[in-house]
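The values are calculated or read from the model by the stated rules, or taken from the named source; none is laboratory data. These numbers were taken from a predicted model, which means no experiment stands behind them. All Cβ positions, even for glycine, are placed from backbone atoms using ideal geometry, and neighbour counts span all protein chains on display. Please note that ligands, DNA and RNA were not included when accessible areas were found on the heavy atoms of the full protein model with its side chains. Shrake-Rupley method; radii C 1.70, N 1.55, O 1.52, S 1.80 Å.
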Amino acid sequence: MELSSIKDAFDRVAKKQKVSSSKSQDVVDQLGREIEQALATIQSTHDPSTPVDHKSVLTDLKVKLGAIGALQQLEGSQKELNTSLTKYQKLLEKLLNTDISKAYRNVDFDTHLVNQIIANHFYHQGLFDLGDSIVSEAGVPDATVLKSQFLEMHHIIEAMKVRNIQPALEWVSANSQQLVRIGSNLELKIHKLQFVEILQNGTRADALKYARTYLAPFASLNKDEFQKLMGCLLYAGRLESSPYSEMMSPTHWEITTEELVRQFCTLLGQSYQSALSVAFTAGVEGLPTLLKLANVMAAKKPEWLAMKQLPVSVELGKEFQFHSVFVCPVSRDQSSEENPPMLLPCLHVLCKQSIIKLSKNSTRTFKCPYCPAEATVAHCRQLYF
C-alpha cells in the first residue's frame, strides 16, 4: 500500500539524518578538542627561558585540522543525506501528487440528503454553529431533528471532562431499560465512577450508602466487580495507596465517556462515527485501488463511466464491514442489486442469475445443486436488496 511505502521511505530518511547528524557532531567535537588543546598550550605558564612558540603551535594545529578533513567529511555526510531527501521527495510526488478526479464518476446525488448528512456530521462533532449554518444556507430544516439530542450528549461529555458525573447519571437512569435491552452495563460503570469519587472525597458511610442504593441491583450479575468495589471501602480516603489504586486511573473516565457516546448514539439509531466521517475515511482507504483501476480503464472511459459494479474488490478494514456479503456458491459472483440472493424452498441460497440459468429462463422445474429438492423460479424468494 502507498502509505506503507511512504512510511518506510520516511524511516530510511530519518535514520540517514540521525547518522549524518551524529557524524557531523563527531567532526565538530574533534575540531573543538584540537583547538582547545592548542589554546591551552598557548595560555599555559612556561619557563621564561623557554617561551612558547605560538607560530609552531598554530602550525601544528593547522596540520592536525587538515588531517581531520572536516570539510570533506561534512560534505560527504551531507551529500548522502541530500540524496536520500531527493529520493523521498520524488516518491512523495509519485504517490501523492495524483489527480484523484480520475477516480470520480458522475453520479446523481440526492443533494438534500448530502446536505442533511453534512449538517448531522457537525452536530455529531459538537460544532453546532456550523451545523446551523448548513441548515440555514442549504435549506434542510429536518436536519435539526438530532440537534437537541447531540446537544445533550456533548453537555454530558463536557461535564465528564471536569469530573461532573451528574448529567451522565441522569441520562443512564432515564434510559436504564433500553441499555439493559441492548446488553449494556454502562449504568454500572457510571455508578462505579461516582462510588470511587465518594470514597476518595467523602466518607466511608456515604460510600456504603451509595453502594446499597445504586450498586446493589448489579451485584448478582457482576459478583467479581462488586467484591472489588466493596474491598475499596476499607481504604476510604486513601485509595491511592491501596491494592485498588488503579480504580483512580483517569483512563476509567476516558473509557467510560467513550462507551457512553457509543451507547448514546446506538439509542439514537446513529453510528458512533458520523456517516460523513465513515464515507470519507473509507474513500481515502479505497482511493489507491480506484486510481489504479481508472488508469487501467483510461482507454475505455465510456465503460468505466457506465459501470454499476467494480470489476475488482476494494479491500477495506473490518471497521467498514457493517453487514455480510453473499457470494453465490454456483457462479462465485458477489450478489448485487441486479443479481440478489434468492432463497430456495429447501433453504439453500443462490444468486438470481444462477437460478435463471438453472431454470433455463423458463417456468420449468429445476433441481437444487446441493440437495434433491426441486423448485421453480416462482418458489424462490429474494432475501435483500
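What residue, among those in the stretch 214-225 that are modelled with pLDDT of 85 or more and touching a Leu at 6+ places or on another chain (Cβ under 7 Å), is farthest from VAL196 (Cα to Cα)? It comes out as PHE218.
For the stretch 68-108, the set of residues classified as touching a residue at least 24 places away in the same chain (Cβ under 8 Å) and closer than 23 Å to PRO288 by Cα consists of LYS87, TYR88, LEU91, LEU92, LEU95, LEU96, THR98, ILE100, LYS102, ALA103, ARG105, ASN106, listed by residue number. Among residues of the stretch 238-277 being at pLDDT below 90 and in contact with a Phe, Trp or Tyr (Cβ under 7 Å, 6 or more places away or on another chain), the one that is farthest from LYS189 (Cα to Cα) is SER242. Of the residues making up the stretch 310-335, those that are outside any loop (DSSP other than H, G, I, E, B) and open to solvent by 70 Å² or more (accessible area, probe 1.4 Å) are LYS318, GLU319, VAL327, GLN334. Of the listed requirements (1) within 36 Å of the chain's Cα centre (by Cα); (2) open to solvent by 80 Å² or more (accessible area, probe 1.4 Å), PRO372 misses just one: (1). Tallying residues that are in contact (Cβ under 8 Å) with a residue 40 or more places away in the chain, outside any helix (DSSP H, G or I) and not aliphatic (A, V, I, L, M) within the stretch 162-197 yields 3.
Per-residue answers, yes or no, for (1) within 30 Å of THR266 (Cβ to Cβ); (2) hydrophobic (A, V, I, L, M, F, W, C); (3) modelled with pLDDT of 85 or more; (4) not assigned by the TED database to the domain that holds VAL28:
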| site | (1), (2), (3), (4) |
| --- | --- |
| THR59 | no, no, yes, no |
| ALA67 | no, yes, yes, no |
| GLN72 | no, no, yes, no |
| GLU80 | no, no, yes, no |
| ASP99 | no, no, no, yes |
| LEU113 | yes, yes, yes, yes |
| PHE122 | yes, yes, yes, yes |
| PHE128 | yes, yes, yes, yes |
| SER133 | yes, no, yes, yes |
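The residues of the stretch 317-336 that are farther than 20 Å from ALA279 by Cα and out of contact with any helix residue (DSSP H, G or I) (no Cβ under 9 Å at 6 or more places or on another chain), listed by number, are PHE326, VAL327, ARG332, GLN334. The residues on offer are SER242, SER271, SER220, SER249, and the sole one that is crowded, with 16+ Cβ neighbours inside 10 Å and free of Cβ contacts under 8 Å to residues at least 40 places away in the same chain is SER242. Could you say whether any residue in the stretch 105-116 is within 30 Å of LEU3 (Cα to Cα), open to solvent by less than 90 Å² (accessible area, probe 1.4 Å) and of a type in the set (S, T, N, Q)? No: zero hits. Of all residues in the stretch 286-306, those satisfying the criterion of being open to solvent by less than 60 Å² (accessible area, probe 1.4 Å) and free of Cβ contacts under 8 Å to residues at least 40 places away in the same chain are GLY286, THR289, MET297.
Within the stretch 244-276, track down each residue that is aromatic (Phe, Trp, Tyr), farther than 23 Å from PHE226 by Cβ and part of a helix (DSSP H, G or I). Of everything in the stretch 244-276, just one residue is aromatic (Phe, Trp, Tyr), farther than 23 Å from PHE226 by Cβ and part of a helix (DSSP H, G or I), namely PHE264. Looking at GLN125, is it touching a residue at least 60 places away in the same chain (Cβ under 8 Å) and open to solvent by 40 Å² or more (accessible area, probe 1.4 Å)? Considered against the rule, which asks whether it is touching a residue at least 60 places away in the same chain (Cβ under 8 Å) and open to solvent by 40 Å² or more (accessible area, probe 1.4 Å), GLN125 comes out as yes.
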